[in-house]
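Coordinate-derived values only; no laboratory data. Everything numeric in this text was worked out from a predicted model, so none of it was measured. Methodologically, a virtual Cβ is constructed for each residue, glycine included, from the backbone with ideal geometry; neighbour enumeration extends over all protein chains shown.
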Amino acid sequence: MAASISGYTFSSVCYHSANSNSDHEGFLLGDVRQEETVSISDTQISTAESVQVVEIHNHDPCAKLFSFYDYAGKLNEENLNSILKDRRKNVIGWYRFRRNTQQQMSFREQIIHKQLTELLGVPDLVFLLFSFISTANSSTHALEYVLFRPHHSRYNQRITLTIPNLGNTSQQEYKVSSVPNTSINYTQVIKEHGAEFFDKDGVMKDIRTIYQVYSALQDKLQAVCGEVEQSERVKENIQEDVNKLKQQIALRKRKTAEEERRLLEAQNADSHPTPEENTEPSDASPLSRIAFQTPSAPERPSTSPNPPSYSDLLAQGDSLPSSSSPTTSAALLPRPQAVGSPGHPMPGPLGMGLGLTASSNPVTTPSTPYLGNGDGSSSDSLDRQAAGQEDDDDEEDEDEDEDEDSSEYENLVSEAGHLPMVSTSGLAQGRPAALGPDGDARGSQAT
Amino acid sequence: MAVSAVHLESDAFLVCMNHALSTEKEEVMGLCIGEVETTRIVHIHSVIILRRSDKRKDRVEISPEQLSAASTEAERLADMTGRPMRVVGWYHSHPHITVWPSHVDVRTQAMYQMLDQCFVGLIFSCFIEDKNTKTGRVLYTGFQSVQAQKGSEYERVEIPVHVVPREAIGKVCLESAVELPRILCQEEQDTYRKIHSLAHLDAVTKIHNGSVFTKNLCSQMSAVSGPLLQWLEDRLEQNQQSIVELRQEKERLQRELAAI
């Protein structure tokens with residue numbers, strides 16, 4: 001089984017994820033095809049191998065979490081339909097973006113996945129998990145992605161996801177010289193019949209033709225780009241209006257609440273006259289003040305129309321609530337080693353507990369112990385010894401970042417050979433007990 | 001170090017990712033446009049995709065002409081946004097390679113820092129796959145260079161990078177994204193023109209070369225132009241839907257405000 005996703009769709013998911021300060025999820029739209037590859041071997045004339053190819057064309061981001069399911073993981077078909085509309089038939093999977101997390105389907109995700117396969121009638125529904133991790137000083141970030149294809153309650157089956165691209169743009173295929181040939185017949189035949197290819201200027205007709213195709217495509221690109229740009233501005237403006245309205249409503253509600261409170265306090269003062277009869281709210285009975293903390297108090301910061309600007313968040317540093325961007329809080333120490341594995345085997349289990357226990361590791365390292373590219377893919381990695389002091393820092397980091405609850409970040413320690421192979425035993429063992437049943441470290445889901 | 005952090009707007013981040021994922025066989029590069037704040041934070045608002053004149057491995061360098069063209073672009077951006085914009089850094093990709101800058105990268109960065117000590121470098125590492133766990137990885141890092149002692153080799157200095165959320169994609173970023181197919185075609189045309197000017201080629205060779213050009217352009221259209229166009233159309237559709245929903249919400253809020 002193979003899967004592919006376009007670079008633009010992939011970047012778009014990264015973009016939406018970067019914009020959200022909590023987890024992010026959505027649906028994958030596309031196609032599943034059967035591809036036949038014919039191979040000829042010595043033993044048989046031809047063997048046709050049938051491969052299922054999952055093509056992800058597009059993604060449909062969900063505006064917020066819990067939009068089509070509740071806290072128990074129960075799906076709401078009505079909400080699902082209103083989100084997907086007529087794209088429902090194109091759904092081939094769904095995705096989730098999480099920060100500082102394990103590369104496994106959480107319990108809730110498994111439940112949701114099962115219901116989705118039944119509801120949508122797609123038995124081979126796939127689940128794309130993005131997990132984001134950063135070094136302690138936030139200088140390096142890694143986005144890891146795994147495509148799961150759960151099968152018969154086995155939730156750890158994975159498929160390789162490729163991103164088709166330009167590949168080799170090598171222009172070395174042009175020939176700079178012709179093969180020498182003194183045959184007159186050869187030259188004559190080629191000239192006579194080959195003339196078809198050239199126009200009166202001696203330029204190959206194909207060149208002009210293909211350039212026309214490219215040019216038309218580029219013009220269309222510009223045109224659609226212009227339309228997208230306009231729609232972005234319109235969307236921005238309406239969003240601003242909506243935010244302003246929310247602000248005004250909140251302000252108005254606050255004012256009316258205060259007025260009501262003052263009115264009631266004034267009434268109380270009338271009915272129970274006291275020598276120091278004044279209308280100062282500070283002298284009023286504390287009970288009445290408490291009673292008038294109206295339910296329409298300003299919304300929680302996470303849903304306020306004016307969320308704190310990003311630079312404000314960064315300035316606040318450690319005093320942030322857990323729901324804000326994790327990369328800004330130094331208290332959340334993601335495992336530095338996770339950002340690619342070292343080029344040599346590690347002495348002990350890597351990884352540390354998820355953000356919950358991060359406070360036990362207050363040491364921040366100035367540079368990241370990252371040697372090699374984590375999967376021995378290219379021999380170039382040996383040539384590209386990074387400048388820096390990784391060698392020294394690697395040793396100290398290993399010891400400091402281990403935790404009792406070291407969950408297996410197997411996927412990150414590839415060559416070290418500590419990886420349990422793709423296990424098919426459903427929920428992986430060693431899920432930190434500190435986490436709830438669905439294994440989501442981030443409490444921010446409850447926004 | 002002169003720079004305390006890099007704030008990369010998410011739409012510029014989107015363009016960098018698009019560019020980095022466009023090819024796995026060679027490094028791509030571009031310039032970052034933005035401003036440096038008094039807090040020594042480099043704020044990157046958009047990026048410009050560049051052509052690589054020297055396509056040898058690990059030779060990611062920017063020519064003076066490109067820097068000059070980028071500065072002009074920065075001025076145009078400054079006029080458009082009314083904010084002081086200039087070239088504040090460069091980015092390039094490391095397909096199949098570790099995200100850390102090589103010695104050459106560090107030296108190149110050091111050179112730029114001589115002209116502007118707040119110049120920053122970003123590297124995007126992509127097409128990394130762990131075959132055992134079928135995990136793919138995309139990494140990005142920010143760095144500058146420092147010389148430990150006078151006369152010694154340059155070393156990498158890590159610079160924190162934060163992606164700043166931006167719900168709507170800016171005009172400049174969209175334009176940069178659409179530049180990529182144009183740049184690819186230009187590169188192909190330039191190469192073909194040089195080949196075509198060789199006089200001693202026979203007809204078969206000319207036909208061959210013409211076909212290579214056609215093949216390469218087709219490749220670009222199907223791998224880059226096509227998917228880009230599809231993404232733009234999808235984005236347009238998403239935006240249109242959002243606009244409808246936002247308009248409904250706006251009306252609802254207006255009614256609510258009027259009722260209070």
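Shielding of B:100-113 by partners, i.e. mean partner chain Cβ atoms within 10 Å per residue?
Partner Cβ neighbours, averaged per residue: 3.
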TODO: Could you tally the net charge around A:G93, taking each other residue with its Cβ under 14 Å from the Cβ of A:G93, Lys/Arg +1 and Asp/Glu -1?
DONE: +1
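For A:V228, what is the net charge nearby, where nearby means another residue's Cβ is under 12 Å from its Cβ and Lys, Arg count +1, Asp, Glu -1?
Taking every other residue near A:V228 into account, the sum is -4.
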Open item on the list: Could you give each residue of region B:191-208 its phi-based ³J(HN,Hα) in whole Hz, using Karplus coefficients 6.51, -1.76, 1.60 with θ = phi - 60°, and x for Gly or Pro?
Closed with: 5, 4, 4, 5, 5, 5, 6, 6, 7, 8, 8, 7, 4, 4, 5, 5, 5, 4
Task: Derived scalar couplings ³J(HN,Hα) [region B:143-159; Karplus, 6.51 cos²θ - 1.76 cosθ + 1.60; whole Hz; x for Gly, Pro] - done: 8, 9, 10, 9, 9, 4, 9, 4, x, 8, 5, 6, 10, 7, 10, 7, 10
Task: Calculated FRET value between B:R193 and B:D116, using beta carbons and R₀ = 30 Å, to 0.05 - done: 0.30
TODO: Would you pull out the residues with amide H under 5 Å of A:Y95's amide H, same chain only if 5 or more places away, H placed 1.01 Å from N?
DONE: A:G26, A:F27, A:L28, A:L128
- [ ] Note down the nm distance, to one decimal, between modelled labels 7 Å out along Cα→Cβ at A:N237 and at B:E65.
- [x] 4.1 nm
Task: Phi-based couplings in Hz for region A:88-104 (Karplus 6.51, -1.76, 1.60; Gly and Pro marked x) - done: 4, 6, 8, 6, 10, x, 9, 9, 9, 10, 9, 10, 6, 9, 8, 8, 9
- [ ] Mind listing the long-range amide H neighbours of B:I97? Cut-off is under 5 Å, sequence gap 5 or more, other chains count too, H placed in the peptide plane at 1.01 Å from N.
- [x] B:C126
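Could you order peptides B:167-175, A:96-104 by the average number of other Cβ atoms within 10 Å of their residues, highest first?
A:96-104, B:167-175
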Task: Peptide ranges B:201-209, A:204-212 listed from the most packed, as the mean C-beta count within 10 angstrom indicates - done: B:201-209, A:204-212
Task: Centre separation in Å (Cα based) which lies between region A:134-168 and region B:146-221 - done: 27 Å
TODO: Provide, in order from the shortest bin, the percent of all Cα-Cα pairs of region B:119-174 in each 5 Å bin, continuing until the bin that contains the maximum pair distance.
DONE: 4, 13, 14, 13, 19, 15, 11, 7, 4, 1
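What is the average number of partner chain Cβ atoms found within 10 Å of a Cβ in B:15-23?
Across B:15-23, the average partner-chain Cβ count within 10 Å equals 6.
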- [ ] Give A:K64/A:K89; A:K85/A:K244; A:K205/B:K206 a once-over and call out the pairs whose C-alpha atoms are over 20 Å from each other.
- [x] A:K64/A:K89; A:K85/A:K244
Task: Per-residue [θ]222 nm for chain B (sum of -39500 (n - 2.57) over DSSP H runs n ≥ 4, rounded to 500) - done: -16000 deg cm²/dmol
Open item on the list: Suppose R0 equals 51 Å. What FRET efficiency, 1/(1 + (r/R0)^6) with r the Cβ-Cβ distance, do B:M80 and B:R252 give to the nearest 0.05?
Closed with: 0.90
Open item on the list: Amide H of B:V120 versus every other amide H placed in the peptide plane: which residues, excluding those fewer than 5 positions away on the same chain, fall under 5 Å?
Closed with: B:G89, B:W90
Task: Point-to-point label distance, A:E77-A:N268, nm (Cα→Cβ direction, 7 Å offset) - done: 5.3 nm
- [ ] Can you check what the net charge comes to around B:S197, using other residues whose Cβ is under 12 Å from the Cβ of B:S197 (Lys, Arg +1; Asp, Glu -1)?
- [x] +2
Open item on the list: To check you understand DSSP bridge types, tell me what percent of the beta bridges within chain B (both residues inside) are antiparallel, rounded to 5.
Closed with: 65 percent
- [ ] Let me know the mean shielding of B:248-260 by other chains, meaning the per-residue number of their Cβ atoms within 10 Å of its Cβ.
- [x] 4
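What FRET efficiency comes out for the pair A:Y211/A:V122, r = Cβ-Cβ distance, R0 = 45 Å, nearest 0.05?
Rounded to the nearest 0.05, the efficiency is 0.60.
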TODO: Calculate the radius of gyration of the Cα atoms of region A:46-196 to one decimal place, then report Dmax, the largest Cα-Cα distance, as a whole number, both in Å.
DONE: 25.5, 83
Task: Highest average packing first - A:180-190, A:133-143, A:236-246, B:32-42, Cβ atoms within 10 Å - done: A:133-143, B:32-42, A:236-246, A:180-190
- [ ] For chain B, give the magnitude of the charge dipole about the Cα centre (Cβ charges: +1 Lys/Arg, -1 Asp/Glu; no others), in debye to the nearest 20.
- [x] 380 debye
TODO: Could you work out how far apart the two model spin labels at B:E233 and A:E173 are, taking each label as a point 7 Å from the Cα in the direction of the beta carbon, and quote it in nm?
DONE: 2.6 nm
- [ ] Take chain B, drop everything but the C-alpha atoms, weight them equally and run the Debye formula without solvent; then report log10 I(q)/I(0) at 0.08, 0.10, 0.16 Å⁻¹ to two decimals.
- [x] -0.41, -0.61, -1.25
Task: Rg and Dmax [Cα atoms of region A:1-122; Å; Rg one decimal, Dmax integer] - done: 17.5, 57
